[in-house]
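The next block holds one structure in the form of structure tokens; read it before the comments.
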Amino acid sequence: MRKKVIAGNWKMNKSPAEVEAFMKEFPKLVENTKNEVILCVPFVDVALALELAKDTNIKIGVQNMHFKDSGAYTGEVSPKMLEDIGVDYVIIGHSERREYFNETDDSVNQKLKAAFSHHLNPILCVGETLEQRENGITKEWIVDQVKKALADITAEQVEKLIIAYEPIWAIGTGKTATAEEANEAIHWIREEIGSLYGEEVAQKIILQYGGSVKSSNANELFSMPDIDGGLVGGASLEAVEFSKIVNYDK
Ligand code: 13P
């Protein structure tokens, strides 16, 4: 039985003072869950979030990184720095990074390799636009994104990977994929992992849904057979609302 993994992606939100306020409330609201809880925070909040999450069941992640260990890359943060400070997770290839910051399948692949070599657990994001869905190429598109992201990644590494299926048309729009649509796409990803790495790996890998997840739809989505939790944007910013999503099964 795969565990459920529920991650918040705060995007470019919350100053350290707001992190303190959130962490005064949130840990006690989720302390009894058996689900894995992750907060992916902005870089300036990482040290504080790690400190405040100590002795809790909350893991801390970030939302991007460079693939090199160090060098003349002004403004970037390296996987080695993240490993040293104690970060557990890193989101790679979010559609907002692909769209606004020229993230490509190739840089996504390099970042995945760098994450694995620094003991960081990547959350790889894939997903189609509304136009692609309407043109009936969703499966082809997301399978291609997965294949390109995973070039030269081993089965042992893939078992530690989380893939979040995030249809771009459902991100921040209030439009959620139906539970059936989300499960269907996630099932395609699981099938692809099966054909690349074998059925055992396919049954182990955690596959999340992301896109307008809220406490009111979490139970329906996360109860689907292939959906192992969610990557939550807007609804992860508020402690009570996010705790209800984490505790969707209570
Ligand atoms: P929303 O939950 O705000 O739609 O964002 C989803 C997302 O992009 C998480 O990575």
Restricting the first residue to segment 99-125 and requiring it to be touching a residue at least 24 places away in the same chain (Cβ under 8 Å) and assigned to a helix (DSSP H, G or I), which pairs with a second residue that is of a type in the set (G, A, S) and surrounded by fewer than 18 Cβ atoms within 10 Å (Cβ to Cβ) meet a Cβ separation below 8 Å and a spacing of at least six or different chains?
-> N109/A151
Residue tally, condition within 12 Å of the ligand (Cβ to nearest atom), β-branched (V, I, T) and within 17 Å of H94 (Cβ to Cβ), over segment 170-218 = 3
Determine if segment 80-99 includes at least one residue that is buried (at least 20 other Cβ atoms within 10 Å of the Cβ), away from the ligand (no atom under 16 Å from the Cβ) and not β-branched (V, I, T).
-> yes
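Can you confirm whether E76 is more than 16 Å from the ligand (Cβ to nearest atom), under 28 Å from G127 (Cβ atoms) and touching a residue at least 24 places away in the same chain (Cβ under 8 Å)?
Details: more than 16 Å from the ligand (Cβ to nearest atom): yes; under 28 Å from G127 (Cβ atoms): yes; touching a residue at least 24 places away in the same chain (Cβ under 8 Å): no.
Considered against the rule, which asks whether it is more than 16 Å from the ligand (Cβ to nearest atom), under 28 Å from G127 (Cβ atoms) and touching a residue at least 24 places away in the same chain (Cβ under 8 Å), E76 comes out as no.
Those residues that are among the polar types (S, T, N, Q) and either within 15 Å of the ligand (Cβ to nearest atom) or assigned to a helix (DSSP H, G or I) (or both), I need them from segment 150-169; list them, please.
The one that is among the polar types (S, T, N, Q) and either within 15 Å of the ligand (Cβ to nearest atom) or assigned to a helix (DSSP H, G or I) (or both): Q157.
For segment 211-218, state whether one or more residues are at pLDDT 95 or above, assigned to a helix (DSSP H, G or I) and over 27 Å from M12 (Cα atoms).
Residues of segment 211-218 at pLDDT 95 or above: 211-218.
The next check asks that each one be assigned to a helix (DSSP H, G or I); those that pass are 218.
Applying the additional criterion that residues be over 27 Å from M12 (Cα atoms) yields none.
The answer is no; no qualifying residue exists.
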Where D55 falls short, out of the listed (1) among the charged types (D, E, K, R); (2) in contact (Cβ under 8 Å) with a residue 12 or more places away in the chain; (3) surrounded by fewer than 20 Cβ atoms within 10 Å (Cβ to Cβ) | (2)
Take the residues of segment 1-25 that are polar (S, T, N, Q) and farther than 30 Å from E200 by Cβ: which is farthest from the chain's Cα centre (by Cα)?
-> S15
When I60 is evaluated against the numbered criteria (1) in contact with a Gly (Cβ under 7 Å, 6 or more places away or on another chain); (2) crowded, with 21+ Cβ neighbours inside 10 Å, which criterion, by number, is the only one it fails?
-> (1)
List pairs: first in segment 20-33 and closer than 13 Å to K244 by Cβ, second surrounded by fewer than 13 Cβ atoms within 10 Å (Cβ to Cβ), Cβ under 8 Å, 6+ apart or cross-chain?
-> E25/V240; L29/V240; T33/K250
Selection from segment 219-243 of residues that are away from the ligand (no atom under 14 Å from the Cβ), among the charged types (D, E, K, R) and not in a loop (DSSP other than H, G, I, E, B) = E220
Going through segment 8-19 in order, the residues found to be without any contact (Cβ under 8 Å) to a residue 60 or more places away in the chain and either under 21 Å from M65 (Cβ atoms) or of a type outside the set (D, E) (or both) are M12, S15, P16, A17, V19
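Which fully enclosed strands (runs of 3 or more DSSP E) of segment 1-74 have 1 or more residues being in contact with a Lys or Arg (Cβ under 8 Å, 6 or more places away or on another chain)? Reasoning before the result, please.
Values: elements: 5-9, 36-40, 58-62.
Of the strands (runs of 3 or more DSSP E) lying wholly inside segment 1-74, those with at least 1 residues that are in contact with a Lys or Arg (Cβ under 8 Å, 6 or more places away or on another chain) span 36-40.
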Per the list (1) assigned to a helix (DSSP H, G or I); (2) away from the ligand (no atom under 16 Å from the Cβ); (3) of a type in the set (D, E, K, R), residue check on K250 breaks on (1)
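Can you say whether S243 is polar (S, T, N, Q), more than 27 Å from A149 (Cα to Cα), touching a helix residue (DSSP H, G or I) at 6+ places or on another chain (Cβ under 7 Å) and surrounded by 19 or more Cβ atoms within 10 Å (Cβ to Cβ), as far as the supplied structure shows?
Numbers: polar (S, T, N, Q): yes; more than 27 Å from A149 (Cα to Cα): yes; touching a helix residue (DSSP H, G or I) at 6+ places or on another chain (Cβ under 7 Å): yes; surrounded by 19 or more Cβ atoms within 10 Å (Cβ to Cβ): yes.
For S243, the condition - polar (S, T, N, Q), more than 27 Å from A149 (Cα to Cα), touching a helix residue (DSSP H, G or I) at 6+ places or on another chain (Cβ under 7 Å) and surrounded by 19 or more Cβ atoms within 10 Å (Cβ to Cβ) - is met.
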Only one of N57, N109 that is farther than 20 Å from V246 by Cβ, at pLDDT 95 or above and not acidic (D, E) | N109
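The values are calculated or read from the model by the stated rules, or taken from the named source; none is laboratory data. Here the structure is a predicted model, which means the values were calculated and not measured. Counting neighbours? That spans all protein chains shown, and the Cβs are built from the backbone with ideal geometry, glycine included.
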